[in-house]
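Only one structure is covered here, and it is reproduced in the block below.
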Amino acid sequence: MCGIVGGISDRNVLPILIEGLKRLEYRGYDSAGVAFRENSKISLIKAKGRVLDLENKLPEKKIKSNQGIAHTRWATHGVPSEKNAHPQISENKIFVVHNGIIENHMNLKEKLQSEGVKFRSDTDTEVVAHLINLHMQKGMDFDSATLKAISQLKGAYALAIIDKDNPDLIIGARNQSPLVIGEGYDENFVASDIMALAPVTNKFKFMEDGQVAFITKEKNHVITSNGNAAKLKTQEIDSNSYTNDLGGFNHFMEKEIFEQPDAISKSIEGRLGKNETQEGIFGSGFEEAVKDVTNIQIVACGTSYHSGRIFEYWSHKFLGINCRVDYGSEYQYQEPIKTKKTLLVTISQSGETADTLSSLKFAKKTGLPVTLTICNVANSSLCRESDYTLLTNAGPEIGVASTKAFVTQLACLNLLLLTLMRVHNQTPNARKKITDALRDLPKHIDKTLKMTDVYKSTAKLLFKRSSALFLGRGLYFPIAREGALKLKEISYIHAEAYPAGELKHGPLALIDRDMPVIALVPDNEHLDKIQSNIQEVAARKGKVVTIGPLGKTKITKDGGHIKIPKTLDLLNPIISVVPMQLISYYTALLKGTDVDKPRNLAKSVTVE
């Protein structure tokens with residue numbers, strides 16, 4: 001959940017490091033630091049807070065630095081502070097930046113302390129610097145000492161390491177946390193995300209777990225955990241697609257909400273035929289691999305979990321195939337139910353979500369599922385670990401609270417539904433109706449985005465409240481959960497989602513005139529029941545805002561009704577989420593919170 005960037009070059013790398021941190025700040029922003037070489041010494045500058053705070057502490061004089069590493073942090077061990085910011089050091093000689101968690105750091109720390117080592121931070125990372133330095137004091141060179149130290153680590157890590165006495169080398173290491181090498185002409189870089197290096201290169205090598213890289217200006221040499229040379233291909237990736245330009249919007253979240261029609265269009269472009277999905281969109285052999293599937297297991301976290309829950313409803317209704325959805329943080333600790341043939345679907349915006357990735361590896365060890373990942377980032381760990389991949393094509397999502405990632409995941413899951421319907425010989429007429437509706441979805445969302453005055457009015461109802469309740473039934477309950485998540489993420493208003501029928505089983509006790517309720521009102525078999533639930537709220541003075549494709553609702557209430565375009569019921573939930581995204585956004589603006597970088601959160605959760 002932190003950001004790493006490092007570089008070694010004949011040109012000045014310090015501006016590249018700072019720009020890389022700015023591009024990675026969505027991954028962590030409670031502190032930042034940089035270690036850069038100035039002739040024979042390494043300067044270390046750290047700051048609590050944002051990258052701008054770090055930048056303001058840099059010397060005003062022109063600095064020419066050819067080697068350096070930098071980091072923006074999301075705290076795990078130790079509170080946000082300068083002493084806990086990275087790089088962590090040992091005796092002003094070894095400098096380390098680290099993403100992940102060293103699980104055995106306490107045992108290592110005790111051993112180091114017994115050798116007389118003094119610790120200055122609360123981090124697990126400092127252990128790595130001291131281990132390397134101690135091994136060098138006992139006669140090892142930098143390379144060997146680093147390899148020895150890495151062999152002692154347990155847990156997840158991406159590391160970039162420099163030594164004061166080795167001006168021509170950066171060592172990188174990866175285990176369960178992403179790290180890439182960026183290649184240039186007589187210069188090389190390392191980063192936790194290619195976005196950090198987009199301004200300087202479009203050539204990348206993606207390191208695998210257990211690998212260590214030795215990076216100089218002229219070359220990079222990667223070895224495996226057993227010491228053999230790793231065979232990593234250099235891949236060219238269009239850097240222009242990795243932009244962090246606001247494009248005239250006030251926040252990335254706002255920009256990404258309004259990009260949703262285009263994002264969905266890109267998700268389905270080239271993947272839909274006239275009446276159904278094109279063959280082969282999930283990769284060669286997918287249709288054959290899933291023709292006998294009798295069970296679908298989805299693993300995801302956060303917003304991606306909600307998209308999986310939507311597919312669960314789709315699978316049961318249109319496929320008649322059992323589908324189960326589990327959190328990545330829970331699935332790997334359960335005893336999996338083995339069936340004749342399982343399709344395991346992992347869903348992630350980044351493709352690096354640690355819990356989901358661990359669950360995928362766990363599932364592959366305990367059985368032989370067909371594995372598919374739906375993801376926004378090509379070459380991510382989940383993509384490389386899975387048999388098949390479908391990219392959402394949403395483009396970079398910088399705002400920590402997911403928006404276009406969610407709707408494009410649902411669009412891709414709809415493509416999966418259509419493909420499985422075709423493979424399992426479900427009604428061609430139904431497939432055509434869904435295909436036509438999916439193709440029309442971007443224009444419905446575009447229309448929904450234009451009702452900003454309505455959303456701002458609802459935000460005024462919410463922003464002075466301390467809690468809010470979201471209600472939905474059936475297919476709309478996961479959407480209610482996503483709406484509640486968005487509100488709490490960026491406005492810090494406590495929000496819960498409940499199946500509307502559960503109101504009378506406890507939550508109704510919370511209802512009074514100070515508890516706003518947002519209810520999703522579908523035009524389906526649940527309509528009469530949810531309107532009865534709304535009546536229960538209104539009778540207790542609760543202010544209810546309803547969202548749905550109906551022209552009006554039968555209930556008179558204070559909150560009002562937000563009418564969205566009507567399409568097939570299985571796709572209307574995707575439209576329903578857009579008003580809740582914008583209501584949350586405008587509520588956060590009224591509250592004055594940091595919309596793109598909400599407190600305590602980071603974009604890519606790469607630790608368990």
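The values are calculated or read from the model by the stated rules, or taken from the named source; none is laboratory data. None of the values given here were measured: they were computed from a predicted structure. In this analysis, Cβ positions are derived from the backbone assuming ideal geometry, glycine residues included, and neighbour counts consider all displayed protein chains.
Here are some notes:
- Residue check, ALA85 within 21 Å of LYS118 (Cα to Cα), touching a residue at least 24 places away in the same chain (Cβ under 8 Å) and over 23 Å from the mean Cα position of the chain (by Cα): no
- Number of the condition not met by ILE264 [criteria: (1) closer than 27 Å to THR201 by Cα; (2) touching a residue at least 60 places away in the same chain (Cβ under 8 Å)]: (1)
- Residues that are in contact with a Phe, Trp or Tyr (Cβ under 6 Å, 6 or more places away or on another chain), assigned to a loop (DSSP other than H, G, I, E, B) and in the same structural domain as ALA363 (by TED's automatic domain parsing) do not occur anywhere in segment 267-279.
- From the options SER358, SER315, SER350, SER380, residue that is touching a Cys at 6+ places or on another chain (Cβ under 9 Å) and either surrounded by fewer than 22 Cβ atoms within 10 Å (Cβ to Cβ) or at pLDDT below 85 (or both): SER350
- THR389 meets the conditions (1) touching a residue at least 40 places away in the same chain (Cβ under 8 Å); (2) within 23 Å of ASP569 (Cβ to Cβ) in every case but one. The failed one is (2).
- In segment 173-191, the residues that are modelled with pLDDT of 90 or more, in a loop (DSSP other than H, G, I, E, B) and either hydroxyl-bearing (Ser, Thr, Tyr) or touching a Leu at 6+ places or on another chain (Cβ under 9 Å) (or both): LEU179
Yes or no, residue by residue, for (1) free of Cβ contacts under 8 Å to residues at least 60 places away in the same chain; (2) among the aliphatic types (A, V, I, L, M):
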site: LYS118; (1), (2): yes, no
site: LEU131; (1), (2): yes, yes
site: MET136; (1), (2): yes, yes
site: TYR157; (1), (2): yes, no
site: LYS164; (1), (2): no, no
site: GLY172; (1), (2): no, no
site: ASP186; (1), (2): no, no
site: VAL200; (1), (2): no, yes
site: SER225; (1), (2): yes, no
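- GLY227 being more than 18 Å from VAL34 (Cα to Cα), of a type outside the set (Ser, Thr, Tyr), modelled with pLDDT under 90 and not in a strand (DSSP E or B): yes
- Extreme residue, surrounded by the most Cβ atoms within 10 Å (Cβ to Cβ), among residues of segment 361-377 that are in contact with a helix residue (DSSP H, G or I) (Cβ under 9 Å, 6 or more places away or on another chain) and part of a loop (DSSP other than H, G, I, E, B): ASN376
- Evaluation of SER284 against (1) buried (at least 16 other Cβ atoms within 10 Å of the Cβ); (2) of a type in the set (Gly, Ala, Ser); (3) at pLDDT below 90; (4) over 27 Å from MET580 (Cα atoms) (one fails), failing number: (1)
Yes or no, residue by residue, for (1) assigned by TED's automatic domain parsing to the domain that holds THR353; (2) crowded, with 19+ Cβ neighbours inside 10 Å; (3) farther than 23 Å from SER40 by Cα:
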residue	(1), (2), (3)
SER81	no, no, yes
ALA85	no, yes, yes
VAL96	no, yes, no
ASN99	no, yes, yes
LEU108	no, yes, yes
SER114	no, no, yes
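- When restricted to residues that are charged (D, E, K, R) and part of a strand (DSSP E or B), segment 32-70 contains 5.
- Residue among ASP186, ASP209, ASP193, ASP245 that alone is in contact with a strand residue (DSSP E or B) (Cβ under 8 Å, 6 or more places away or on another chain) and closer than 30 Å to LEU582 by Cβ: ASP193
- Hits in segment 409-437 (condition: among the aliphatic types (A, V, I, L, M) and under 25 Å from the mean Cα position of the chain (by Cα)): LEU410, ALA411, LEU413, LEU415, LEU416, LEU417
- Count of segment 392-430 residues, restricted to those that are at pLDDT 90 or above and farther than 23 Å from TYR29 by Cβ, is 18.
- Looking at ILE150, ILE161, ILE181, just one residue is in contact with a Phe, Trp or Tyr (Cβ under 9 Å, 6 or more places away or on another chain), more than 24 Å from GLU25 (Cα to Cα) and not assigned by TED's automatic domain parsing to the domain that holds GLU385, and that residue is ILE150.
- Taking first residues from segment 447-470 that are assigned by TED's automatic domain parsing to the domain that holds LEU520 and at positive phi and partners that are aliphatic (A, V, I, L, M) and not in a loop (DSSP other than H, G, I, E, B), no Cβ contact under 9 Å between residues at least 6 apart in sequence or on separate chains turns up.
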